[in-house]
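Asks: Right, I'll just put the structure down here and ask away after.
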Amino acid sequence: MKRWVIGEADNDLAADIAQKCDLTPLCIKVLLSRGCKDLDDIAAFFDTASLEDPFVLRDMQEAVDTINKAIESFDLICVYGDYDCDGVTAAAVLYSYLDCCGANVMYYIPEREEGYGLNENAIRTLADKGVKLIVTVDNGISAVNEAQLISELGMELVITDHHQPSETLPKAKAVVDPHRQDCPSDFKNTAGVGVALKLCAALDGGDYDAVMEQYGDLAAIGTIADVVALNGENRTIVTEGLRLLKNTENYGLLCLLERCGLSGTPEISAQSISFVVAPRINAAGRVGSPDTAVQMLLSEDTRAQEKADELIGLNDLRQQKVAEIVSQIKDKIDKDGSVLSQKVIVLDGEGWYHGVTGIVAAKISEAYCKPCVLISADEDGTARGSARSVHGFNIHKCFSYCGELLDRFGGHECAGGLTVRKENIAALKMKIAEYADTVGDMPPFELKADKLLTREDLTVGQISSLSRLEPFGEGSERPSFAIIGARVQKVIPLSQGKHTKLEIAYDSTVQTVLAFGRFPSALGIYQGDMIDMIVYAEVSVYNGQKSISLKLRDIRLHGIDQKKALAALSFYDSFVRGNSIENKLLERMRPDRQELLKVYGHLKAVGEAGMDMLMQRMYLKGMNFAKTRICVDVFCEVGLAELYDGCRAVRIKQINGKADIGSAPTMKKFAAYTTA
């Protein structure tokens, strides 16, 4: 279960601000809920000020001088990028600019198998090709050894990056990174493509007009894809870039937009870039070659269309591989659900495609509201892992704690990667669990809503005004809203049951809520239920008529005390792990015969149920979440039921004769606890 955090706004302050600006009350309340304190803060949010002088960045002048010298000497320059969308767009921007300047330039994007950033084999290959200057984009800040090799081979190096540097900077003619401690730049959170754009502006004498007009569309895509906060200069880049993207002159981008159904439509937004365009560019580096994406962005002939088609196919392949791994993981969990009781879910397999394990780890983390580490072993005995975490549990620190078992690791608070020997995986699982215990209670997976929706908010004018807050992205998310105490009037299956539409009565209005990808039986909501929800709100148009469209993010039965529910689930996990638990808590979790019959009777009546919704319904009948979950374990142990869908749902099984509840290992475990 996710912990809901519902924002509030000062209604009197909102009313006062509404008299002084042209924003709707709903927009103002969203901004106040997000931390704006007055009209000045709101004005600052909308400010798309000019980008700061690129020469403010430390070493920018040295970078310009080095590159201009190479251009004048017609020395071979290599733009060295990265295989993700930020690195690909950054490479395309700088390569294209240098090519237009008449430079003798090539680009190099490492394949995912080579690993992130500069590597020895690539460096030696570039030296053999006669490269005299390497300019990195979106990488290089940690390449101390590789920089030394570049120098030894007689090449020069200019680094442009946006990642955090270590104490020792690489040896280079210039190291341009806003995160350098000695960099006076006021804006630190630029994406890699943003730094590349600034380098082009500096090469153009410090003027952004021409480079933004030419490359602003690519800069916007890379910035959105890298999930940097969309404030300050990033907001400026994305706002202007989206404007340019609607009439892009980049033939490859135009081909891709057409294939995605976005060309010539008003639908190009930060969201459509994030969910439609960027994944297709990223797919090249995940399941194919990143060179495909770069070629598409640089081609001006039929090859651009061919490469766009390839990206569409690679993205389909990426989705297929993700689905295959998710299915395998669900099967693993169904066979041994105890892995879910750990504070950090660690799963290992063989042959999982490394390019998509990060995506799968994110899906598992969100599905079970816990950090997740996925490890895939190769035939040579090495294994690579990807991790996703929740805010408050630093996965990079966790990997540091396990460092003696790892060959390599990296990352930050909420995402990371590792390399480990196959024979060390079991020990690594124990070490991760050990570290998690030192941290204490795992921070809950939070879902935030900007405010409680009211009848006054639910008008076409108020909801449509939310577009004023775009672009939406990291740090400026699409507004979410809470609905508390709605009554379900209808449950309507859509698209042969693939989706569900709920008709609800709420605050003296009737609204419809769309639950995409959730069929009615999986949703577990019935006519007459009182429910709470977190939703997105937007305006849709059908046959020329505008109406409010609410899209479901999360749903609960009304009356659930989330603090008690989350605490009970935590106690259940401790019980499964065999941790010490106070007797009074054990007694609150131990089901008696009548409670077992109550849960079984409900399951028998419905046949199957989502685990979360089952616990909620039993909670409203007087049973805590842990007790209901234990009842299900008992039923599964004696053959009365089985868990499926990665232990997220349960269904009744038919057996011959009577089941001996007392023989269930879970019931014996209670007896052992009591004896101890």
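Asks: Could you grab the Rg to Rh ratio for region 158-237? Cα atoms only, Kirkwood for Rh.
Replies: 0.96
Asks: Which ³J(HN,Hα) values in Hz, rounded to whole numbers, follow from the phi angles of region 634-648 under the Karplus curve 6.51 cos²θ - 1.76 cosθ + 1.60, where θ = phi - 60° and Gly and Pro get x?
Replies: Working through the residues one at a time gives 4, 4, 5, 5, 9, x, 7, 8, 9, 8, 8, 6, x, 6, 9 Hz.
Asks: When all alpha-carbon pairs of region 535-676 are counted, what percent fall beyond 28 Å?
Replies: 28 percent
Asks: Moving on. Along Cα→Cβ, 7 Å out, is where each label goes; now give me the distance between the ones at Ser338 and Ala605 in nm to one decimal.
Replies: Each label point is offset 7 Å from its Cα along the Cβ direction, giving 3.4 nm.
Asks: How high is the FRET efficiency from Asp207 to Ala44, r the C-beta distance, R0 22 Å, rounded to 0.05?
Replies: 0.30
Asks: Which value, in debye to the nearest 20, describes the size of the charge dipole of region 336-441 about its Cα centre when Lys and Arg Cβ atoms bear +1, Asp and Glu Cβ atoms bear -1, and nothing else is charged?
Replies: Roughly 260 debye, rounded to the nearest 20.
Asks: Over all distinct Cα pairs, what is the inverse of the mean 1/r for region 282-328, reported as the Kirkwood hydrodynamic radius in Å?
Replies: 11.0 Å
Asks: If you don't mind, another one. Using 7 Å Cα-to-Cβ label points, what is the Thr512/Ser289 separation (nm, one decimal)?
Replies: Each label point lies 7 Å from its Cα, and together they span 4.8 nm.
Asks: If you line up the Cα atoms of region 12-140 on their principal axes, what length do they span on each, largest first, in Å?
Replies: In descending order, the Cα extents are 69, 35, 24 Å.
Asks: Mind jotting down the distance between the C-alpha centroids of region 229-292 and region 132-211, whole Å?
Replies: 24 Å
Asks: Tell me, what are the semi-axes, in whole angstrom and largest first, of the equivalent ellipsoid of region 336-441 as set by the roots of 5 times the Cα gyration tensor eigenvalues?
Replies: In descending order the semi-axes read 19, 15, 13 Å.
Asks: Here is a further query. By what distance, in whole Å, do the Cα atoms of region 7-70 stretch along each of the three principal axes, largest value first?
Replies: Principal-axis extents of region 7-70 (Cα, largest first): 61, 22, 14 Å.
Asks: Report the calculated FRET efficiency for His412 and Arg3 (r = Cβ-Cβ distance, R0 = 30 Å), to the nearest 0.05.
Replies: Step by step, r from the Cβ atoms, then E = 0.85.
Asks: Going by C-beta contacts inside 10 Å, put Met667, Met60 in order with the fewest on the left.
Replies: Starting with the residue having the fewest Cβ neighbours, the order is Met667, Met60.
Asks: When N counts the residues of region 144-192, how does its alpha-carbon radius of gyration compare numerically with 2.2 N^0.38 Å, as a ratio?
Replies: 1.21
Asks: Turning to a different aspect of this structure: Specify the inter-centroid distance of region 70-125 and region 352-367, based on alpha-carbon positions, in whole Å.
Replies: A separation of 29 Å, based on Cα centres.
Asks: Let me ask something else about it. Would you mind computing the Rg to Rh ratio of region 246-317 from its alpha-carbon coordinates, Kirkwood style for Rh?
Replies: Taking Rg over the Kirkwood Rh, I get 0.94.
Asks: In whole Hz and in residue order, list the ³J(HN,Hα) couplings for region 417-428 that follow from phi through the Karplus curve 6.51 cos²θ - 1.76 cosθ + 1.60, θ = phi - 60°; x for Gly and Pro.
Replies: Calculated HN-Hα couplings, in order: x, 8, 10, 8, 6, 4, 5, 9, 5, 4, 5, 5 Hz.
Asks: Radius of gyration and Dmax for region 54-243's Cα atoms, expressed in Å?
Replies: Answer for region 54-243, Rg first and Dmax second: 15.0, 45 Å.
Asks: Could you pull out every residue, at least 5 positions away or on a different chain, whose amide H is within less than 5 Å of the one on Asp82? Hs are placed 1.01 Å off N in the peptide plane, and Pro or chain starts have none.
Replies: HN-HN under 5 Å from Asp82: Gly87, Val88, Ala91.
Asks: Return P(r) of region 410-462 (all Cα-Cα pairs; 10 Å bins starting at 0; whole %; ordered from short to long distances).
Replies: Going from the shortest bin to the longest, the percentages are 15, 29, 20, 13, 13, 9, 0.
Asks: Relative contact order, percent, of the chain when contacts are C-alpha pairs under 8 Å separated by at least 6 residues?
Replies: Averaging sequence separation for qualifying contacts and normalising by length gives 11 percent for the chain.
Asks: How much length, in nm to one decimal, is gained on full extension between Lys653 and Asp12, taken as 0.36 nm per residue of separation minus their Cα-Cα distance?
Replies: Gain on extension, Lys653 to Asp12, equals 225.0 nm.
Asks: Consider a paramagnetic label point 7 Å from the Cα of Tyr526 along Cα→Cβ; state which residues of region 616-650 have an amide N under 15 Å from it.
Replies: It comes to 616-621, nothing else.
Asks: A further question on this structure: How far is it, in nm, from the label point at Ala671 to the one at Ile425 when both lie 7 Å from their Cα along the line to the Cβ?
Replies: Placing both labels 7 Å along Cα→Cβ, they lie 3.7 nm apart.
Asks: If you take the beta carbon distance between Lys246 and Lys621 as r and set R0 to 60 Å, what does 1/(1 + (r/R0)^6) give as a FRET efficiency, to the nearest 0.05?
Replies: 0.65
Asks: Tell me, what ³J(HN,Hα) does each residue in region 548-565 have, in order and in whole Hz, if you take phi through Karplus 6.51 cos²θ - 1.76 cosθ + 1.60 with θ = phi - 60° and put x for Gly and Pro?
Replies: 7, 10, 9, 10, 6, 9, 8, 9, 9, 6, 5, x, 7, 8, 5, 5, 5, 5
Asks: Determine the equivalent ellipsoid of the chain by diagonalising the alpha-carbon gyration tensor, then write out the semi-axes as square roots of 5 times the eigenvalues, largest first, rounded to whole Å.
Replies: Gyration-tensor ellipsoid for the chain: 47, 32, 22 Å.
Rule-based calculations on the coordinates, nothing more; no lab input. Small disclaimer: the values here were computed from a predicted structure and weren't measured. Neighbour counts are summed over all protein chains in view; Cβ atoms, including those assigned to glycine, are modelled from backbone coordinates with ideal geometry.
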